[in-house]
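Participant: To start, I am sharing the structure in question, which I have written as structure tokens.
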Amino acid sequence: MISDNLHMAITSIRSSRLRSFLTSLGIIIGVFSVITSISLADGVRHQVISETNKLGNDVLTVRPGRPVHYDKKGSVLSEVNIFGPATTGAVLDEKDLAAIRDSEDITQAVPLNLVSGVPLFNGKTMDEAIVIGTTPGLPTMLTQDIQFGKFFDSNETDKNVAVVGAGVAEKLFGENVPIGQIFTVRGKSFAVEGVIERYKTVSVSQGIDFNNAIFLPYQPAKKINSGVANSFEILARVRHPDAIDKTEDSLRQSLKQSHGGQEDFTILQAGDTQVVTGSVLDLVTTMVAGIAIISMLVGGIGIMDIMLVSVSERTREIGIRKAVGATDHQIRKQFLLEAAVLSIWGAFIGVVISLLFNVFIRIVTNLQPVIPWKVVLLSMLASIFLGVIFGTAPAIKASRKDPIDALRSGLY
């Protein structure tokens, strides 16, 4: 009997494919939205964790500004800054860099200074490029390889040389290996001597895409900024990773002294960035998933409406089945199974579309979505559950039809 009902359900769906597709559209959109949003969030989370792990557990990140985040109840949720300075006038200057370097517990400190200027090459500019002044220790600190050429060393700190990201090489110079090319920043000429390996994701360094970055030696960058060398970030490697908390506290006290007792800066460990980024992603994922669930509920209501119309259209069929001995229970099972098939069909299409979309995202962007198979399974089960729930009313209506009345109505 189940196989017969399944065959009848599939035949009914095939007989009106467009209407069946439109009936399942809400389920399709809901399943697609749930899987896509969660896979993107998981992918970004894994990429952020991978990048922060590259810095290692022995690196502290110092940034200007100390914003405070609150929850809905007004309680302090976090005092971690991952998106940039939020305190007006807060800066990290050369005194701060010196204080960090002079700390006994710090073995290396690398500043990242924003340079005000747009690169110019053969009359072409790149507005999205970010010019950064730094020191030779940056690649080691970031554990990022140089793909072509080399990074400037300690003998070139006063020379007008540069290392560019892969995006700058392609967009500004129009080639993958622009070694030796000369470009200018605010009238100063620089020679490219290296291309840094492409980053697979946007850096957690305040959201800056290092693929579009131009790295200049510290002193020439300072000259371009009229002798000012304020850092948007300083990376510091600790001497004893096991005592990183103690080092952080000591460094905080040293910086407070150079800031006149004000703690208008943020010191981050690798795990801090992961926690806050994960919280933001969880919030966004929950919001999108909530909208998707509403879409699935709307899809369930759509199934119920169309099934009620189907019951009215198939009144004679119901009458004939009852006349030849079909029970109310068998009629209910037939229509419930049909609703379930519509839901499964919609869920299957939603899963396929989401998988294709994830592949597309991987190809055209730097994002690497992670397909959560548990979510795929739960989405399928939820769709079947909704189909059965919202198919109950039409099934009960069909089973309660009187066979004589049903046959009589079918003659008109």
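Participant: Normalised by the empirical 2.2 N^0.38 Å for globular proteins, what value does the Cα Rg of segment 117-209 take?
Facilitator: Cα Rg divided by the expected 2.2 N^0.38 Å: 1.02.
Participant: Which whole-Hz ³J(HN,Hα) couplings does segment 183-195 yield from phi under the Karplus relation 6.51 cos²θ - 1.76 cosθ + 1.60, θ = phi - 60°, glycine and proline marked x?
Facilitator: Once rounded to whole Hz, the list reads 10, 10, 10, 6, x, 9, 8, 9, 9, 6, 10, x, 10.
Participant: How large a share of the accessible area of segment 226-366, in percent, is made up of carbon and sulfur atoms when the probe is 1.4 Å and the other protein chains stay in place?
Facilitator: Of the solvent-accessible surface of segment 226-366, carbon and sulfur hold 64 percent.
Participant: Counting only residues 5 or more places away or on other chains, whose amide H sits under 5 Å from the amide H of Phe148 once H atoms are built in the peptide plane?
Facilitator: Long-range HN contacts for Phe148: Val195.
Participant: Output wanted: per-residue J couplings in Hz (rounded whole) for segment 317-331, from phi through Karplus 6.51 cos²θ - 1.76 cosθ + 1.60, θ = phi - 60°, x for Gly and Pro.
Facilitator: 4, 5, x, 5, 4, 5, 5, 9, x, 5, 8, 4, 4, 5, 5
Participant: Here's something else I'd like to know. Starting from 0.36 nm per residue, how many nanometres of slack lie between Arg252 and Val177 once their C-alpha separation is accounted for?
Facilitator: So the chain would gain 22.8 nm between Arg252 and Val177.
Participant: Here's a follow-up. Short version: ³J(HN,Hα) in whole Hz for each residue of segment 302-311, in order, from phi by Karplus 6.51 cos²θ - 1.76 cosθ + 1.60 (θ = phi - 60°), x for Gly and Pro, what are they?
Facilitator: Those phi angles translate into x, 4, 4, 4, 5, 5, 5, 5, 4, 4 Hz.
Participant: Would you calculate the separation in nanometres between label points at Leu297 and Arg362, each defined as 7 Å from the Cα along the Cα-to-beta-carbon direction?
Facilitator: Computed distance between label sites Leu297 and Arg362 equals 3.4 nm.
The values are calculated or read from the model by the stated rules, or taken from the named source; none is laboratory data. The structure presented is a predicted model; accordingly, all values stated were derived computationally and were not measured. In this analysis, Cβ positions are derived from the backbone assuming ideal geometry, glycine residues included, and neighbour counts consider all displayed protein chains. The accessibility values were calculated without ligands, DNA or RNA, using every heavy atom of the protein model including side chains. Shrake-Rupley method; radii C 1.70, N 1.55, O 1.52, S 1.80 Å.
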